[in-house]
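Undergrad: Before anything else, here's the structure in question.
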Amino acid sequence: MFQPDFEAMSRTDLEALQLERLSNTLDRVYERVASYRAKFDEAGVHPSMVRSLADLASLPFTVKDDLRAAYPYGMFAAPMRDIVRVHSSSGTTGQVTVVGYTRGDIDRWGDLMARTLASAGATADDIVQISYGYGLFTGGLGVHYGSERLGAATIPISGGNTKRQIQVMKDFGVTVLAATPSYALLLAETALEMGIDPRDLPLKAGVFGAEPWSENMRTQLEEALGILAIDIYGLSEVLGPGVAAECECKHGLHVNEDHFIIEIIDPATLQPVPDGEMGEVVFTTITKEGIPVIRYRTRDISRIVPGSCSCGRTFRRMQRVSGRTDDMLIIRGVNVFPSQIEQVLTGIPGVAPHYQVVLKKRGSLDHVEVHVEVGPDFAFDEIKALEHLQRRVGAEIASALAISIEVKLVEPKSIQRSEGKAKRVLDLRSEGSE
Amino acid sequence: MIEQVSVFLENKSGRLAELTRVLGDAGINMRALMVADTAEFGVVRLICDRPRHALQVLEASGFGASVTEVIAVAVPDRPGGLADVLESLGSGGLNVEYAYCFVEPSGDAAVDIFRVDDPASAKSALVSAGIVVVEPGALYVAD
């Protein structure tokens, strides 16, 4: 543990600390951010009315559109004189959002990411290769400052140039890899193509996040790279990476509750759900100065894992995110997460976990094609085996998703590999009927 | 045993041409080629020189391929020639998954390629029935 005084503090002390920090944050945004003040006034609430953590549920939500409307600096709660860093979301789903960090924010972010790396077993003795993109995306620099805070030797290689990444990993004796899980898989594949078995390298742990991934993919990454692979979580609107991370127990991600209050709500009724039930994750930041968010709806789907963890951390755990409400596809009225498809594929021998979902219209109906790569070691002579594989994939996906789909087997390595977040869905439904 | 190269192909135009070009550029000569197709994909089976090298070349060019053991038989060029061969396999309880044939310009027999579950027993059943089993060296340059 990097900061046991906080990470293992008693729940009573933690809740007292949360309430104090929450009150300060509410005062700060009410005084300094016009849109919060207007929203609170409209809802008839005032920071002074929040006397317990339960009172948080009486406050209005913040959504991504609020941040978009405030573009670029409208929701900053610190003057630009105090802002030392600006990051921005990728803007793939609309107008980009901008977030700002004070010197204190950057300092705390370093601590939180150092906690994350430490929970993968990293120490000052380690050599950390950061293959997240650097730049406006929070991934690269977020992990970077944490790695330096931990005292590890930090390699800021950023994303891309995959063969060089392998060479660096080998030559520099990298022990910890930080990347998106899909990129980590590409690194493993590329290493083998170059005649390097990653399991022979000193690499021992990976911190993977920024996109949803499955338990089966973890097994695959751990076997291919010979490492402990943990899931890390964060989003730029709340901080960036460092909001929550798995420990070595790999059973849920400990939320850094001394800096963020997590709620799980029913996205339809907007009411909090009991611990253990699935819903949309909502975060309130309680130490951010640059751009605090109050009850920010993440669109991520998860739940609180009930019970305590054997690692000694007292922070509650959220289950690995099973999808975003943004990524959620509504196909013939059924909610589908692409990660469910990946979960199925990684459980079927003979197929690679690379896939693409192609949505089309046939008449007025949605038609779903799932393109699945046949594994490179398949006995390609066996047409019966190929047809059996195709039927099995179709049946298992249909049973997991509760919709019928068409499976198309495609040649090994023919689906485009991603160097960042994988693009799994091609939605052609607006392009007319076939 | 004859080593046949089997290649998985999506039903995409030009893909078979790409496959044959890759082999041609690698200087690999083909002796026989058979395409089995379904509505969704095809499997190309070929007998060629240096099949293991061909496999490496194909995989390096992004094809899904594997080497399969098959049996080659010299079938007498007369009515009932093929029936004799199949009967001797059938009486041994051996099931033929697929077969294709081609004519060697040098010989007076057709060459039939058989894929069976158990190539070793098939071979001995054929030999004991007096049927000529063709060795790899007679068909292609082995590697």
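Undergrad: How many percent of DSSP beta bridges within the stretch A:1-324 run antiparallel, rounded to 5? Show your work: numbers first, answer last.
TA: Numbers: 29 of 45 bridges.
Antiparallel bridges make up about 65 percent of those DSSP assigns within the stretch A:1-324.
Undergrad: Where the Cα atoms of the stretch A:91-242 are projected onto their three principal axes, how long is each span, largest first, in whole Å?
TA: 45, 36, 27
Undergrad: What accessible area per residue, rounded to a whole number of Å², is obtained for the stretch B:70-138 using a probe radius of 1.4 Å?
TA: About 50 Å² of surface per residue is accessible.
Undergrad: Could I ask something else about it? How would you rank A:178-187, B:72-81, highest first, on the average number of other Cβ atoms within 10 Å across their residues? The partial results should precede the final answer.
TA: On the way: A:178-187: 25.4, B:72-81: 15.7.
My ranking of the peptides, most packed first, is A:178-187, B:72-81.
Undergrad: When the accessible area of chain B is computed with all protein chains present and a 1.4 Å probe, what percentage of it is carbon and sulfur? Mind showing how you got there, number by number?
TA: Numbers: 3410 of 6580 Å².
C and S atoms contribute 52 percent here.
Undergrad: With a point put 7 Å past each Cα toward its Cβ, work out how far A:Glu369 is from B:Ala142 in nm, to one decimal.
TA: 4.3
Undergrad: Would you list which aspartates and glutamates come within 13 Å of A:Lys64, measuring only between C-alpha atoms, while excluding same-chain residues fewer than 8 positions from it?
TA: A:Glu237, A:Asp300, A:Asp326
Undergrad: Okay, moving on. If all Cα-Cα distances of the stretch A:1-324 are sorted into 10 Å bins from 0 onward, what percent lands in each bin, rounded to whole numbers?
TA: Calculated over all Cα pairs of the stretch A:1-324, the distribution is 6, 27, 35, 22, 8, 2, 0 percent.
Undergrad: A further question on this structure: Can you flag which of A:Lys170/A:Lys288; A:Lys163/A:Lys361; A:Lys361/B:Lys12; A:Lys384/B:Lys123 are past 30 Å Cα-Cα? Let's see the in-between values first.
TA: On the way: A:Lys170/A:Lys288 38 Å; A:Lys163/A:Lys361 40 Å; A:Lys361/B:Lys12 22 Å; A:Lys384/B:Lys123 24 Å.
The answer is A:Lys170/A:Lys288; A:Lys163/A:Lys361.
Undergrad: Right, here's the next one. Two decimals is fine: what is log10 I(q)/I(0) at q = 0.16, 0.24 Å⁻¹ for the stretch A:15-108, from a Debye sum with one equal scatterer on every Cα and no solvent?
TA: Debye curve over Cα of the stretch A:15-108, log10 I(q)/I(0) at q = 0.16, 0.24 Å⁻¹: -0.78, -1.28.
Undergrad: Among DSSP bridges having both ends in the protein assembly as shown, what percentage is antiparallel? Round to the nearest 5.
TA: Percentage antiparallel, nearest 5: 75.
Undergrad: Can you give the average number of partner chain beta-carbon atoms within 10 Å of each beta-carbon in peptide A:371-381, as a whole number?
TA: Values: counts 1, 0, 1, 4, 1, 6, 2, 4, 5, 15, 17.
Across A:371-381, the average partner-chain Cβ count within 10 Å equals 5.
Undergrad: Just to check I understand the Karplus step: with θ = phi - 60° and J = 6.51 cos²θ - 1.76 cosθ + 1.60, what whole-Hz values come out for the stretch A:306-316, glycine and proline as x?
TA: Listing the rounded values in order: x, x, 9, 10, 6, 6, x, 6, 9, 4, 5 Hz.
Undergrad: Whenever you get a sec, line up A:Asp427, A:Asp197 from highest to lowest accessible area (probe 1.4 Å, protein heavy atoms).
TA: Details: A:Asp427 75, A:Asp197 40 Å².
Final ranking, largest accessible area leading: A:Asp427, A:Asp197.
Undergrad: So what's the back-of-envelope 222 nm ellipticity for chain A, counting only DSSP H runs of four-plus at -39500 (n - 2.57) apiece and dividing by all residues, rounded to 500? Can you show the working numbers first?
TA: Details: 11 runs with 134 residues, N = 434.
Mean residue ellipticity, 222 nm, calculated: -9500 deg cm²/dmol.
Undergrad: Just the number, please: Stokes-Einstein D of chain B in µm²/s, Kirkwood Rh from C-alpha pairs, 37 °C, 0.692 mPa s. Can you show the working numbers first?
TA: Working: Rh = 15.9 Å.
It diffuses with D of about 207 µm²/s by this estimate.
Undergrad: At a temperature of 20 °C and a viscosity of 1.002 mPa s, determine how fast the stretch B:2-68 diffuses translationally according to Stokes-Einstein, using the Kirkwood radius over alpha-carbon pairs as Rh; express D in µm²/s, rounded to the nearest whole number.
TA: Numbers: Rh = 11.7 Å.
Answer, rounded: 183 µm²/s.
Undergrad: Might you tell me the accessible area per residue for chain A, computed with a 1.4 Å probe and given in Å²?
TA: On the way: 17360 Å² over 434 residues.
For chain A, the solvent-accessible area averages 40 Å² per residue.
Undergrad: Between A:Phe172 and A:Thr269, what is the spin-label point distance in nm, taking each point 7 Å from the Cα along the Cα→C-beta axis?
TA: Roughly 5.1 nm, to one decimal.
Undergrad: Could you tell me what % of all Cα pairs in the stretch A:161-219 have separations over 13 Å? Can you show the working numbers first?
TA: Numbers: 1030 of 1711 pairs.
I get 60 percent for the Cα pairs in the stretch A:161-219 exceeding 13 Å.
Undergrad: Would you mind getting me the FRET efficiency between A:Ile403 and A:Asn161? Use the beta-carbon distance for r and R0 = 60 Å, nearest 0.05.
TA: On the way: r = 39 Å, r/R0 = 0.65.
Efficiency, rounded to the nearest 0.05: 0.95.
Undergrad: Could you tell me what percent of the accessible area of the stretch A:337-433 is made up of carbon and sulfur, with a 1.4 Å probe and every protein chain present? Intermediate results must be reported in sequence, preceding the final value.
TA: On the way: 2270 of 4350 Å².
Whole-percent figure for carbon plus sulfur exposure: 52.
Undergrad: Partner chain Cβ atoms within 10 Å, averaged over the residues of B:42-49 - can you pull that number for me?
TA: Numbers: counts 1, 5, 1, 2, 0, 0, 0, 0.
The mean count of partner-chain Cβ atoms within 10 Å per residue comes to 1.
Undergrad: If you don't mind, another one. Go through A:Val393, A:Pro267, A:Val374 and say which Cα lies farthest out towards the positive end of the charge dipole of chain A; charges sit on Cβ, +1 for Lys and Arg, -1 for Asp and Glu.
TA: Most positive-ward Cα: A:Pro267.
Undergrad: So if R0 is 51 Å, what FRET efficiency would B:Leu16 and B:Val127 give, r being the distance between their Cβ atoms, rounded to the nearest 0.05? Spell out each step's value before the answer.
TA: Details: r = 35 Å, r/R0 = 0.69.
Efficiency computed from Cβ-Cβ geometry: 0.90.
Undergrad: For the interface of A with B, what's the total buried accessible surface in square angstrom, probe 1.4 angstrom, rounded to the nearest hundred? Provide the component values of the computation, followed by the final result.
TA: Numbers: alone 18210 and 7330 Å², together 23950 Å².
Result for this pair: about 1600 Å² buried.
Undergrad: Can you give the relative contact order of chain A as a percent, counting alpha carbon pairs under 8 Å and 6+ residues apart? Mind showing how you got there, number by number?
TA: On the way: 889 pairs, mean separation 60.5, N = 434.
Relative contact order of chain A: 14 percent.
Undergrad: For the stretch A:304-325, list residues with backbone N below 20 Å from a point placed 7 Å from the Cα of A:Asp13 toward its Cβ?
TA: Only A:308-317 pass the distance filter.
Undergrad: Moving to a separate point now. Working only with C-alpha atoms, what are the Rg and Dmax values of the protein assembly as shown, expressed in angstrom?
TA: 30.0, 103
Undergrad: Can you give the average number of partner chain beta-carbon atoms within 10 Å of each beta-carbon in peptide B:66-73, as a whole number? All intermediate terms of the calculation are to be shown ahead of the outcome.
TA: Working: counts 7, 3, 4, 1, 1, 0, 0, 0.
Partner-chain Cβ atoms within 10 Å, mean over residues of B:66-73: 2.
Undergrad: At 7 Å along Cα-to-Cβ for each site, give me the label-to-label distance between A:Met194 and A:Glu215 in nm.
TA: Rounded to a tenth, the inter-label distance reads 3.4 nm.
The values are calculated or read from the model by the stated rules, or taken from the named source; none is laboratory data. Just so it is clear, the structure is predicted and the values come from calculations on it, not from any experiment. Cβ coordinates were reconstructed from backbone atoms using ideal geometry, including for glycine residues, and neighbour counts include every protein chain displayed. Ligands, DNA and RNA are stripped out before the accessible areas are found, and what is left, the full protein with its side chains, is counted by its heavy atoms. Shrake-Rupley method; radii C 1.70, N 1.55, O 1.52, S 1.80 Å.
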